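Input: a single structure, listed below in structure tokens.
The values are calculated or read from the model by the stated rules, or taken from the named source; none is laboratory data. All values reported here derive from a predicted model rather than from experimental measurement. Don't worry about glycine lacking a Cβ; one is built from the backbone with ideal geometry, like all the others, and counts go over all protein chains shown. When the accessible area is computed, the model is the full protein with side chains, heavy atoms only, and any ligands, DNA or RNA have been set aside. Shrake-Rupley method; radii C 1.70, N 1.55, O 1.52, S 1.80 Å.
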Amino acid sequence: MKVLITGASGLVGYQAMLATLGRGHEVLAVGHERAPTLPIEAAAQKKALSVQCDLTDESALHRLVFDYYPDAIIHAAALSSQGAVDAKPDLAEKINVKLPKRLAEMAFHLSSRLIHLSTDFVFDGNDGPYRSTDVPMPGTLYGQLKLMAEKEVLKAGGDFVVVLRITVVNGNSPSGLRSLHEKLFQSWAADKTVTLFTDELRQPVSAVNVGDVLTELVERPNLHGIFHWAGPDTLSRYHIGLAIVKHFNLPENLIKAATMPTGPGTEIRPRKLELILPPLLGKLKAQPTPFEQQLDELIVPAPFQEWYNRVRPANASAQTAPRRLVQGRDF
């Protein structure tokens, strides 16, 4: 199949590209600011193409999709930072709502599948765990826009569309700046102690695992509608951070435990976002990756390798956090 992947230079989109190529499909990898880096072998065999495209430019988007004429589209591009959405709501609506709606319209016109990534933030975190059939009630602007996008793509694309809601993502991004542990490293390298909440509960999911799920969904035209995917373990933000600190053999005082603040002027954060995975869980070969195995996938982010070498205890084994070979980067 010919698969167009937006956001292919990001955390999930990049893993979707690797998984899709690994299944023998052809890929057009699209990045917003730069053309995504392709696996060497796939590029040499011309199984993958890489382009930069401003997806908010409707003419450029139209040319991109209709020139490639994909069998399926994995839409992983989004403005996913709650802070960025709050700061630029008009841009966020353009990227997070209008863009997926247009992709769904084009997918329907081409009879192509569209796998659209959504989020657990369509729920407010007060009444979970949540089924895919539960009525969403977002408590943030980011969640509101993602819910609007879900409705638009399902309306425009019909049975050609899958909406996949996922949780907070664990893994290694091409930039080394996107995922849970990479953002922690960024703060630590800037000499900042990170406060993490003990009462903010999440189900971290592996980016590699999500990539596999997206590829399976591309190949399963009998599946359509809204589905949930997450890791099997529900943990607090603090305990996720503590496990990452221990995995890399770093001092525990790099993070600080706290409870979520309340009252006027405080940032709205869902307390417990827990997704129920059936019916999708029973329909796929891929299974959720336990959090302990997710930790084994993590490498020291390249931008902070020098900092890590300085602060890691002298008697710590280098095997605590080795530079692992990563598919697409090293082979």
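Results, tabulated for the structure shown:
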quantity	calculated
The lone exception for ARG63 - which of (1) assigned to a helix (DSSP H, G or I); (2) open to solvent by less than 40 Å² (accessible area, probe 1.4 Å) it fails	(2)
Test: residue in the range 116-130 that is over 24 Å from LEU235 (Cβ atoms) and either touching a Ser or Thr at 6+ places or on another chain (Cβ under 9 Å) or touching a residue at least 40 places away in the same chain (Cβ under 8 Å) (or both)	yes
Of all residues in the range 27-60 being in contact with a Leu (Cβ under 8 Å, 6 or more places away or on another chain), outside any loop (DSSP other than H, G, I, E, B) and open to solvent by 30 Å² or more (accessible area, probe 1.4 Å), the one that is nearest to LYS98 (Cα to Cα)	VAL51
Every pair of residues 6+ apart whose Cβ atoms lie under 7 Å, when the first sits in the range 24-38 and is farther than 14 Å from VAL3 by Cα and free of Cβ contacts under 8 Å to residues at least 60 places away in the same chain while the second is open to solvent by 50 Å² or more (accessible area, probe 1.4 Å) and assigned to a loop (DSSP other than H, G, I, E, B)	HIS32/ASP54
Residues of the range 13-26 satisfying the condition of being open to solvent by 20 Å² or more (accessible area, probe 1.4 Å) and hydrophobic (A, V, I, L, M, F, W, C)	LEU21
Tally of residues being part of a helix (DSSP H, G or I), open to solvent by 30 Å² or more (accessible area, probe 1.4 Å) and among the aliphatic types (A, V, I, L, M) across the range 118-170	3
Checking VAL208 against (1) within 18 Å of the chain's Cα centre (by Cα); (2) of a type in the set (A, V, I, L, M); (3) within 30 Å of ARG310 (Cβ to Cβ); (4) assigned to a loop (DSSP other than H, G, I, E, B), the condition it does not meet	(4)
ARG220 more than 30 Å from LYS2 (Cβ to Cβ), among the basic types (Lys, Arg) and either buried (at least 23 other Cβ atoms within 10 Å of the Cβ) or out of contact with any strand residue (DSSP E or B) (no Cβ under 6 Å at 6 or more places or on another chain) (or both)	no
ALA92 vs. criteria surrounded by 20 or more Cβ atoms within 10 Å (Cβ to Cβ), assigned to a helix (DSSP H, G or I) and not aromatic (Phe, Trp, Tyr)	yes
Every pair of residues 6+ apart whose Cβ atoms lie under 7 Å, when the first sits in the range 282-310 and is under 20 Å from LEU180 (Cβ atoms) while the second is among the acidic types (Asp, Glu) and surrounded by 20 or more Cβ atoms within 10 Å (Cβ to Cβ)	PRO301/GLU182
Positions within the range 292-331 being closer than 22 Å to SER187 by Cα, modelled with pLDDT under 50 and of a type in the set (S, T, N, Q), in sequence order	THR320
Extreme residue, most open to solvent (accessible area, probe 1.4 Å), among residues of the range 171-200 that are under 30 Å from GLU219 (Cα atoms) and in a loop (DSSP other than H, G, I, E, B)	ARG178
Residue in the range 308-315 that is outside any helix (DSSP H, G or I) and open to solvent by 70 Å² or more (accessible area, probe 1.4 Å) present	yes
